[in-house]
Structure formats: C-alpha cells, structure tokens
Amino acid sequence: MTTPLSLVREKRGISLLRLAETGRIAQRIGAALFRSIASQFRDFAAAMNAIKTVIFALGLALAPAAIAQSPVIAPPASVPVATPESATSASAAPAAAPVAKAPDIARTAPDATIGQPVPMGYEIQQQVTPIGKRAVWMHNALLIPIITVISLFVLVLLFWASYRYRQKANPIPSKVSHNTLIEVIWTVVPVLILLIIVFPSISLLAAQYKPVGKDALTIKAIGNQWYWTYEYPDNGGFELVSNMLPDAQAKANGEPRLLAVDNRVVVPVGTPIRLLVTSNDVIHAWYVPAFWTQMDAVPGRVNEASFTVERPGVYYGQCNNICGARHGFMPIAVQAVSPADFAQWVAARGGTPKGAKPAAPVTAPATAAATPIPAPAAAPVTKG
C-alpha cells in the first residue's frame, strides 16, 4: 500500500533525478560553449599570427629593393672661398702645368678553377698563401688518414661484435664486465692520437695570428651594410668603396655571380699584408677561402689578420656572418698583382709608395717688390 509519505519521497526522488539530469545537460552545454569560444580564440590567434608572418615576410622581401633604391648621398666637397689676398696671389703666380694622371692597371680576368667555387666541388679551395698550404697539408696528410682508420676500425669492430656475440652463438650471456688490458688500450690510444694532432694544430694556430714585420703592407677593411670600404694608410690613405656588380655586368665580365665587385682590393704578390678589420654598424666577417683567412669585423674594435699571396690572380670571398637583409650580397674580390703593377695602381689613385714622403707643395716664385716713387718736393712759400 502506497502511503502519502512514500509518494512524497518518490516525487522528491524524481525531482532530484530531473535536477541532476538538468545539471548534466547544463554542464555539457557549458563545455560545448567553452570549446567553441576556445576554438574561436585559437582561430583568431592563428589568424593574427598569420597576418604578422605575412607582414614580416613582405618587409623582408621589400627591404632589399627599398635599400637598393635609396639614394646614396656623397659628402659635399669643400668649396674654397675666394679672398682678395688669394685672388692677388693667384693672379701673381704663374699657371701650373696640368698633372698627367698615371695609367691604371688592367682588370685581370679570374681563373675558373682557383679562387672561387667550382661546380660539384667538395674539397678545400686551392690555397695561395703559406698558411693555407700548411693547413691543407694538415687536413689531407694527417687528419683524413686518422679519421679514416678510426672509422673503419669502429665499423669492423661493430660488425664483429654483432656476429660474435649474437644470441644464437651465446645462449647463455657472459657476465664479464671488466678487462684491464682493454680499458688501458682504449684510454692510452686516444691520448696518443690527440698528442699526434695537437702539436701541428697549435703550431698552425699560432702561425695564423703571428704579427707581421715592419715590411708588411697595411690595409684596413671596414664592413658596412652591405658593402666594404678599404683604406690604404701606407700609401697615402686613399679609400675605395666595393659594391657587388649586377648579375648581367658580372656575366659580361666573365666573373662569378654574387661575387664580382666594382672595385677590387689590390695587393702585391709576395708582400706580407696586415689586414685591419672593423665595422661601422653590425658584426661582419672578412672571409677569403683561398687565403685561409677569416676575421670578424666588430663595431668599435679593430681586429688584425695577415696573409701573403704567392700567386697573381683574382680571389673571391664573402661576409659569412649574418648581418641583415642583404647579408648574401656583400662579396669580396682581391686582385693579386706584381709589385710594379701595384705601384702603378696606387699612383693611378693618387697614392704614394710605402715610406715615401708626400711631395712638397709647389710655391709660386716671389715677385719683385715695387719701387716706391718719391713724392715731388713742395714749392717754397715767399713772404709778401
């Protein structure tokens, strides 16, 4: 028999069940709403990231063109101010004979097999400096044989151990965990290998940074975004700016793409070169593989490198430090010539040989002083 109390309890249970079901439905709706909001937020964030990526990519793509189109403003030349004294002296001095400009040297054509990358090349470039030849000898005659022997020994040992200690031949594994002889061998042999390598390696490193003598020619290389400036302080301090040639002009000259420049660095063959490297903006690097020479160009600091070119020719390099949008477009081209051609090249740019004193300025001959004309004597005054 159903009592009123049981009916009340039954209704109350049904109400609780409905309430719980309503709560679960609300929970599911809230979770679905939360997932929808989160998904929309993620889509919005992804869209914003995509927009930022596109804007950044457009900026990188348009930056070189904008930089290339920006005009380079040369510093204004100083204009002499005429004064009465200068005009008088100019009119009094005889006209100076015009100075004939020294002839320039020819622009040497590069050799396709040396001083630049070669198709399908995988070896070190042919070296034209004593340090470079020494480094290549160490690489080919010392390091490569040691690496080859070690690699083959480890490969044979790996196959032998895999076959000798396979499960079929050794159903019961060995519990040997110590062998004094083997441990001594694998400790002593690597030490001996390192001793064989360390002495020529340290000697080569010391030779690379050994200061050059007083007979060296000093050249200063200044990195800029994105070109090089060179100064010759031992030859009168003249300066040249080196920019990459367009592809069409480089092809017409028979030079490699992205490596040809308008103004090459010219060095004499057989003369030690002291290279001072610095930068005006960010960190660059002066790198010519055929010289075995690389030196960082750091703003506010002057680093020094040295090399001696033993063979005439044209040798290419690049800045190999990431220095901005046009990092890949600031090449280096060095033309090595005979000392006589180098002296002619210096004279063609108004420079002077190393150690020569600048010519004394030509002064106009002194004009004869004008003879003063005496004033006529005054007539005597008579008294009346």
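Values for this structure:
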item: Gain on full stretching of the segment that runs from Asn253 to Leu240 - 0.36 nm per residue minus C-alpha separation; result: 2.7 nm
item: Cross-link partners of Lys133 among aspartates and glutamates (Cα-Cα below 17 Å; sequence separation of 8 or more within a chain); result: Glu123, Glu310
item: Computed lengthening from Ala325 to Lys210, 0.36 nm per intervening residue step minus Cα-Cα distance; result: 37.9 nm
item: Pairwise label distance in nanometres, Asn263 with His139, each label 7 Å out on the Cα-Cβ vector; result: 3.2
item: Residue order for Lys251, Lys175, Lys133 - accessible surface, 1.4 angstrom probe, largest first; result: Lys175, Lys251, Lys133
item: R0 of 22 Å, Cβ-Cβ distance Ile114-Ala348: FRET efficiency to nearest 0.05; result: 0.25
item: Of all accessible heavy-atom area on the range 96-170, the percent that carbon and sulfur account for (1.4 Å); result: 69
item: Gain in span if fully extended, Leu155 to Ala26, counting 0.36 nm per residue against the direct Cα distance; result: 39.8 nm
item: Per residue value of the accessible surface for the range 108-156 (all protein chains in place, 1.4 Å probe), Å²; result: 68
item: Magnitude of the charge dipole, the range 96-234, Cβ model with Lys/Arg +1 and Asp/Glu -1, debye to 20; result: 580
item: Summed residue charge, Cβ within 12 Å of Gln126's Cβ, Lys/Arg positive, Asp/Glu negative; result: -1
item: Ala169-Leu194 FRET efficiency (beta carbon distance; Förster radius 45 Å; 0.05 resolution); result: 0.80
item: Estimated FRET transfer efficiency (Ser203, Ile124; beta-carbon r; R0 25 Å; 0.05); result: 0.85
item: Sequence-distant residues sharing a close amide H with Phe238 (under 5 Å, placed H); result: Tyr232
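The values are calculated or read from the model by the stated rules, or taken from the named source; none is laboratory data. Just so you know, these numbers come straight off a predicted model, no measurement behind them. We place every Cβ from the backbone using ideal geometry, glycine too, and count neighbours over all the protein chains shown. In case anyone asks, the SASA skips ligands and DNA or RNA and just uses the protein heavy atoms, side chains included. Shrake-Rupley method; radii C 1.70, N 1.55, O 1.52, S 1.80 Å.
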